[in-house]
Amino acid sequence: MTKAGDKPTKMSKFERWKAEKDGLALKEELENYARIGWEAIDPVDRDFRLKWFGLFFRPKTPGQFMLRLRTPNGILSSEQLAEMAQIVARYGEDGSADITTRQNIQLRGVRIEDVPDIFDRLDRVGLTSVQSGMDNVRNITGDPVAGIDATELIDTRDLVQEVQDLITNGGEGNSAFSNLPRKFNIAIAGSKDNSVHAEINDIAFLPAYKDDILGFNVLVGGYLSSSRCVSAIPMNVWVEAKEVAPLCGAILTVYRDNGPRQNRKKSRLMWLIDLWGIEKFRAEVERELGTKLATAAARDEIEGEKSDRIGIYPQKQSGYNYAGLNVPVGRLCAEDMFALANLAEVYGNKEIRLTVEQNVIIPYIENDKLAAFLEEPILKKFSPNPKPLVREVVSCTGAQFCSFALIETKNRALVLAEELSEELSFPEPIRIHWTGCPNSCGQPQVADIGLIGGKGRKDGKTIEVVDIYTGGKVGKNSTLGTLKMKGVACEDLKEVLRNLLIEQFDAEPIN
Ligand code: SRM
Ligand code: SF4
């Protein structure tokens, strides 16, 4: 592994920058950077190392940073959401937030001069943004209805928190895991429904019984990127819940010390597994752990289709319900965040949950409060019964804020979903995922229809286009979608999607 102080050999500029100074070292410089302003910050610190604290310089809106938090298992208190609302409210029109495809929240409009105060506020309500970007472990996803779903097998909440605490040293920052060869994703599924898209994570835990004990089978190496998309493969390991965090620590240590670092397109965990083979990888993890691992259970407990959790569902706690509300393409303004926090306080247990489909869940609504809850004005915007395609649409950030983007995504995704929902009826939900470039943040490969933004030529002009993927399947026997159509002009997309929905997904025109 390269460490701060090591003499750089032939390495990418990212490896060199990490070796020169660990991103976590910027903790000491945040006050100073807040004082001198974004234009005076060393460019490598501004554009690169600040991401170790979740602060992303946005070239499209210079001076207005994006702040990516960590929301383990996607669970927030109303106090935490209201605090985030306060933070973005101070930026007026420039302040907003997005629920991400990792069950997480990103704040927009953040000014560097406010960061010390913002970090104090986040700290006071128990939130951290540490190690949420660059070559770190991203927000750890868990079952969005953990602890409240009647069919749950394992409650993932404490496990996810335990793994986050290990990786971030309880939110203080942990230099043991702050210089990985590349980004890293971990997901823990807790029910029969694979609600975390386990297969596209570097480590995924799936509930599985062995000798009547409920634990997890472990998959490794899944990831999506512009150059390679691959499902996670079995590690042939079964662990009990108490072994989840230690196993994550051991895998991360093996990856940190041995993962390829020369070429960033070939440095995710699967490349190490390719290099070694799964047997050697498993043996090295055992060596790191200092103990033998149990072989995988014959089967995991994942069954059937994944639920989107939109709608009203009875909880396992008698007399209570949870409400899954659709947040169109995950975008929130400060007023929305205050309104959701308020809903959770008035009707629920002061808790708001996030899903990987960029939606929210309000748990613990008593039966006799349900009617009043359903009359709340905010439910007109965040509906428990949205239009069919709006219900399932997911979109990455796209051209509005992301400089990798080749097309505008969120607005376009929403308009098309609304218009096509008016024109067609559907026998079953159809999941459409948009992503503004091949990096695949919007997870197009897990969707029924996945759209990947690109550039094309028409009449001698550069235009926005999409490649269309179909056949992504989540839940049992998950598979990644495959390319169906290449280079479809965005201006022709409505017609193309309409035909595709009719021909391949049994949609019917509404007369
Ligand atoms: Fe992503 C880079 C947004 C989930 C694969 N992703 C980026 C950056 C940071 C690029 C940049 O600096 O502008 C985007 C920030 C834009 C912005 O202003 O919001 C960005 N990624 C997102 C989010 C916000 C999309 C969303 O709207 O939900 C998601 C944040 C998740 C979180 O809370 O941490 C997000 N990104 C993903 C996922 C999905 C997932 O994790 O399940 C993937 C594919 C899965 C994977 O990583 O295996 C993903 N993002 C990438 C990649 C390609 C990684 C690779 O190995 O090549 C990049 C580019 C990179 O890392 O070089 C990237
Ligand atoms: Fe940006 Fe591309 Fe990721 Fe969309 S997929 S957020 S455009 S990097």
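The values are calculated or read from the model by the stated rules, or taken from the named source; none is laboratory data. Remember, it's a predicted structure, so these values are computed and weren't measured experimentally. FYI the Cβ positions are ideal-geometry reconstructions off the backbone, even for glycines, and counts take in every protein chain you see. For accessibility, only protein heavy atoms count, side chains too; no ligands or nucleic acids. Shrake-Rupley method; radii C 1.70, N 1.55, O 1.52, S 1.80 Å.
Just a few scattered comments:
- Residues of the range 317-346 satisfying the condition of being open to solvent by 10 Å² or more (accessible area, probe 1.4 Å) and more than 15 Å from S383 (Cα to Cα): Q317, S318, G319, Y320, N321, C333, E335, F338, N342, E345, V346
Listed here are the residues, each with its yes/no results for (1) assigned to a loop (DSSP other than H, G, I, E, B); (2) within 16 Å of ligand 1 (Cβ to nearest atom).
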site	(1), (2)
I361	no, no
I365	no, no
L370	no, no
E376	yes, no
P386	yes, no
F404	yes, yes
I407	yes, yes
A413	no, yes
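- Filter pass, I430 being open to solvent by less than 10 Å² (accessible area, probe 1.4 Å), in a loop (DSSP other than H, G, I, E, B) and more than 16 Å from ligand 2 (Cβ to nearest atom): yes
- The sole residue among V394, V390, V415 that is under 19 Å from I468 (Cα atoms) and surrounded by fewer than 17 Cβ atoms within 10 Å (Cβ to Cβ) is V415.
- A single entry from W238, W271 fulfils the requirement of being closer than 30 Å to W434 by Cα and either modelled with pLDDT under 95 or surrounded by 19 or more Cβ atoms within 10 Å (Cβ to Cβ) (or both): W271.
- G460 out of contact with any Leu (no Cβ under 8 Å at 6 or more places or on another chain), without any contact (Cβ under 8 Å) to a residue 24 or more places away in the chain and surrounded by fewer than 23 Cβ atoms within 10 Å (Cβ to Cβ): yes
- Condition check for F404: at pLDDT 95 or above, more than 16 Å from ligand 2 (Cβ to nearest atom) and among the aromatic types (F, W, Y): no
- R431 passes every criterion in (1) within 24 Å of D143 (Cβ to Cβ); (2) over 18 Å from the mean Cα position of the chain (by Cα); (3) at pLDDT 95 or above apart from (2).
- The range 106-134: number of residues that are open to solvent by less than 10 Å² (accessible area, probe 1.4 Å), of a type outside the set (S, T, N, Q) and within 16 Å of ligand 2 (Cβ to nearest atom): 3
- Search result, residues across the range 471-491 that are surrounded by fewer than 17 Cβ atoms within 10 Å (Cβ to Cβ) and in contact with a strand residue (DSSP E or B) (Cβ under 9 Å, 6 or more places away or on another chain): G471, T479, T482, L483, K484, M485, K486, G487, A489, E491
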